[in-house]
Structures are given as C-alpha cells and as structure tokens.
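All remarks here apply to the structure that follows.
Every read-out reported here was derived from the displayed coordinates using simple, explicitly stated rules and does not represent laboratory data. Computed from a prediction, not measured in an experiment: that's the story for all the values here. Methodologically, a virtual Cβ is constructed for each residue, glycine included, from the backbone with ideal geometry; neighbour enumeration extends over all protein chains shown.
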C-alpha cells in the first residue's frame, strides 16, 4: 500500500551562527527518511534538539528544504512552487505543544475555528459559524463556551480548541508536535483518548512527535527514534520497546519510568 506520507533523504541546514564563517552550516536534519501509511500513527521520539520540530515544519511546508523530497499522496511537495504548495498544505495540519502561542488570545473559540474557512474562502458567514460550532462540539467544547476568548480557557480547553482548528479543513495528516507534553496527567489522558477517537472516526493519519516513550508506546503503530538530525532506529512499536538496538533509544527508554503494558493510558505521573 502506498504511504500517505513518504520522506526521503531530507536535509535542512541553518546558518551556524553570527560568529561562524558564512559558509558554515548547521545540519538540523541530516538525511531523514520515513513513511506513514494512511490511517496509522508514527511516533517520532527524540531528545530536545534532535530535529523533530524542524522535520514537522518542513513536512507542513512551513520551512523550505535544503534537499530531499516529501511525498504526500504521491506528490513531491518539495518540487512544487509556493502557490502549488498552498493548494495541498491544508491537507497537512500542525498541533503545537503550547496552543497559547498559536491562538490569538483576543479571539473567541468560534472565531478561532472559523478562521480557516475564511482564509480559504469557503462558505458563507453563517455556514462558517455553523461548521465551527460542529467542530467545537466534536472536541468537547460546549456551545456556551464558543463565545469565550482564548485567554479565558484552561490549558486542556485550549488544546481541544487547537485540535478543532486543525481539523476544520478536514486534513488527512495531522502532525502533533509535543501536543500532550504541556498538559497535566488527567488532561493528557483525556486529550489522548480524544485524538484516538477522532482518528478512528475520521480516518486520520498522525505523526506524533514526543520525547516521552510511554505516550509513544500507547499512541503509535510504529516508532522512529531521532538523534542529531537522523532517524537511528525505526519499526513496530512493540519491537522497538522490547528490543531497542541503538544507544539513543536505550537512553530514552531508561529515562521513562514506566511503559504501558496494554492499550490503557499509563503516563509518567
């Protein structure tokens, strides 16, 4: 089966710094390759600074590549110009760790979720509001909360709102960049269950970026371990957990107090 997303030999360089010679480059990504079949979840696990978030931005067309390719539904996004990318990028949405940094605090929940429809020129004002209310309800934000501003919501409610906004344009791939790590334990479990329910009902594909092997073990079909801008190990989640082959994987596992023994939620609390 053709994967929904296939990344091949992805390289991303940044300037090394002001004090370094102009020719010096820092390789945030050094030849990353991975693939995700439709309707499955790949957990990308690694320490902070390993390149996970840079990869997320490149996949979502928010950062240009230095070299390599990103195939989405058989189309190489890296080979498209910006206008062509804009037609496909709504099919790939990001949910970040801290929704407060990605949501306008002065807007209401309804305005946040209806904005993608306005940007894309879809629907009438009433239709936009109706669809936004439907998505808010689907993620567990009641109708009476639709008129509340973002800064009046709790952390868990803000993340539910960010998920509703990401799903409004009905993407096929959702990149969850540490989307659970800023939440407390009980809220983590609630949002995790919500994401699994949405995946089952909508047929979503997830790239789940985390440093937490416990959440990866619960959430993912496959796990890829990232270290210094490279994928150093990948495979079925159970295999990676039971027989880690790379020292970076073993180090991350050693830092995880406990791993789920079943499909139930067990997090590091």
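The table that follows gives values for the structure above.
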quantity: Largest-first principal axis extents of the Cα set of the range 1-129 (Å); calculated: 53, 43, 30
quantity: Order of 239, 131, 158 under a 10 Å beta carbon neighbour criterion, fewest first; calculated: 239, 131, 158
quantity: Among (1) 6, 18, 20, 21, 17, 11, 5, 2, 0; (2) 7, 28, 34, 23, 7, 0; (3) 8, 30, 32, 19, 8, 2, 0, the entry derived from the coordinates for P(r) over Cα pairs in 10 Å bins from 0, in percent; calculated: (2)
quantity: Relative contact order of the range 90-227, pairs being alpha-carbon contacts under 8 Å that are 6 or more residues apart, as %; calculated: 31 percent
quantity: Alpha-carbon centroids, the range 20-76 and the range 79-96: separation in whole Å; calculated: 14 Å
quantity: The range 5-254, relative contact order [Cα under 8 Å, separation at least 6], %; calculated: 27 percent
quantity: Residue 81 versus residue 101: modelled label distance in nm, points set 7 Å from Cα along the beta carbon direction; calculated: 3.3 nm
quantity: Burial ranking of peptide ranges 183-196, 225-238 (average Cβ count within 10 Å, highest at the top); calculated: 225-238, 183-196
quantity: Separation of alpha-carbon centers, the range 119-141 and the range 97-117, rounded to whole Å; calculated: 13 Å
quantity: Per-residue [θ]222 nm for the chain (sum of -39500 (n - 2.57) over DSSP H runs n ≥ 4, rounded to 500); calculated: -10000 deg cm²/dmol
